[in-house]
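Novice: One structure, pasted below without further comment.
Read the figures in this text as sums done on the coordinates, not as results from a lab. In this text the structure is predicted, and so the values were computed from the model without any measurement. Glycine gets a Cβ as well: all are built from the backbone with ideal geometry, and neighbour counts include every protein chain shown.
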Amino acid sequence: MPTETMTTQSVAGAFKQAAGLSIGYAVLMIVLGVLAVAVPQATGVGVAMVVAWITIFGGLAHLAYAFAAESAGTVLWRLLIGSSTSQGASILRPIRASACRPSRWCSPGSFSLKA
């Protein structure tokens, strides 16, 4: 049976590919950083929305994990935690750019239940 060995050419090709991806990600992060500094209001709203969606999905995963519990009390407790996490995070989800005006700080308290 022939055995495959890594040649210097395949190592160099893999290194060039990885370096190219790293440079691409670095340029992307620089551009996003400049945009974050240039438009802080949109950045704050965007970050709040991403955190809200991650928390919602975490709560839903907690709800699904609740049924792996061994006792009824544990199932109820996990269902309570999962539903409260998902519902609490859903408050942040409908944030609009108008929720945070430049005349005041963009704090979590400014995103309370507004219509």
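Novice: So how far apart, in nm, are the two label points at F67 and L32 if each is 7 Å from Cα heading toward Cβ?
Specialist: Distance between label points: 3.4 nm.
Novice: Once you sort the root eigenvalues of the Cα gyration tensor of the range 13-69 as a ≥ b ≥ c, which label holds: rounded (a/c under 1.5), prolate (a/b larger than b/c) or oblate (the other case)?
Specialist: oblate
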